[in-house]
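Just below is one structure, and these are the notes that go with it.
Values quoted throughout were computed directly from the atomic coordinates according to the rules given, and no laboratory measurement underlies them. Here the structure is a predicted model, which means the values were calculated and not measured. Positions of Cβ are generated from backbone atoms using ideal geometry, with glycine treated the same way; all protein chains shown enter the neighbour counts.
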Amino acid sequence: MSPLIMDSSSRESSPRNKRSSNAFMVSSAQFDDISRLVDIEFYAFENEKTNHVLSYRDHNQPAHLERAIRSYQALMSKSDIYRWRNKARRFERAEKADATVTRFRKVTDEDAEVIISWAKTETKTYTPEELASPADCGHESDPTMNRDWFALNEKLRRDYMGTQRHCYVGMLATSPYYQHHGAGTMLLEQILAEADEAGIECYLEATDTAKPLYERHGFKTVNEIRFDPAAYGVHGFSIERQTIMIRGALGADGQRKEVRSWDEAVSEETV
């Protein structure tokens, strides 16, 4: 396993006034980038202490780092199978309508030659079989609190999206020293442009810090997640709060569709 590369940006080596978005470039993240992606993710969530214990993002815990690296390695390996038919056909994109397509994107500061931001998205259509399966699939060996946390997030996404194809923005993280310089916006705009081209909704769970960014890009609040570790005997942490946000699909007529309320979406899926 590759070692984790700690954020090497410093005020001495990368003064704020020398950073320019003109040197930022968006591209697909590669397998060898995963350690750096995890590094950025963990430091972007450094102050989200409750999230550390719920989602295994404590950079002081080597087991958390290793878990994230293994998870992304598995996802990226699988995404290559979905995204490309075979090398002989010059990596022609597979366009199977019901395929789950996971994409990893990165922003690189070309001047500093370092990855500074990244995003993970999943374009998916739930099958009826998936919707009927336990929401904690893949987390059965986790402690009850963590299993319930992941299951809650998955259940709510299933409840809202049902069998509608959608883009799930599962991660958007920027190295703290590069925040507020446009890297995250570059990633988000590319993701949203592709979703609009496909005519599908975007779904995400936003922290309080990230919520204004998503609002500026047309996301609407439809629900809120609250999760209290104290209910599981884990004390000393605040209640985790995240906002479920949706960006309406762009119709064939060029008009953006209204975002369904939570009750409307859930009732549609239960009819």
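Odds and ends about this structure:
- ³J(HN,Hα), Karplus 6.51/-1.76/1.60, whole Hz, each residue of the stretch 178-191, x for Gly, Pro: 9, 5, 6, 10, x, 5, x, 5, 4, 5, 4, 5, 5, 4
- Sequence-distant contacts, meaning Cα pairs under 8 Å at least 6 residues apart, place the relative contact order of the stretch 21-270 at 18 percent.
- Efficiency of FRET between Arg216 and Thr125 - r from beta-carbon atoms, R0 25 angstrom, step 0.05: 0.35
- Put in line by how crowded their Cβ is, counting other Cβ atoms within 10 Å and starting with the fewest, Ile69, Ile191, Ile225 read Ile225, Ile69, Ile191.
- Close amide H contacts of Ser117 (hydrogens built in the peptide plane, cut-off under 5 Å, sequence separation of 5 or more or a different chain): Val107, Ser175.
- Going by neighbour counts of Cβ atoms within 10 Å, the residues His166, His59 line up, fewest first, as His59, His166.
- Distance in nm between pseudo-label sites at Ala230 and Ala112 (7 Å out along the Cβ direction from Cα): 3.9 nm
- J(HN,Hα) series, the stretch 35-51, from Karplus relation 6.51 cos²θ - 1.76 cosθ + 1.60, nearest Hz, glycine and proline x: 4, 5, 4, 5, 3, 4, 4, 5, 6, 5, 9, 4, 8, 8, 4, 5, 4
- Relative contact order of the stretch 128-271, pairs being alpha-carbon contacts under 8 Å that are 6 or more residues apart, as %: 23 percent
- Put the Cα centre of the stretch 220-264 next to the Cα centre of the stretch 93-167 and the gap is 15 Å.
- Of Lys106/Lys257; Lys78/Lys257; Lys49/Lys257; Lys120/Lys211; Lys49/Lys78; Lys78/Lys211, pairs whose Cα-Cα distance is over 27 Å: Lys106/Lys257; Lys78/Lys257; Lys49/Lys257; Lys49/Lys78; Lys78/Lys211
- Loop GluC sites (Glu not before Pro), the stretch 114-221, which have at most 15 other Cβ atoms in a 10 Å radius of their Cβ (DSSP): Glu140
- For Ile244, the residues whose modelled amide H falls within less than 5 Å of its own, excluding neighbours fewer than 5 places apart on the same chain, are Ala206, Val222, Asn223, Glu224, Ile225.
- Once backbone amide H atoms are built at 1.01 Å from N, Ile200 has Leu250 as its partners under 5 Å, excluding neighbours fewer than 5 places away on the same chain.
- When each of Met186, Met161 is scored by the number of other beta-carbon atoms lying within 10 Å, the sequence from fewest to most is Met186, Met161.
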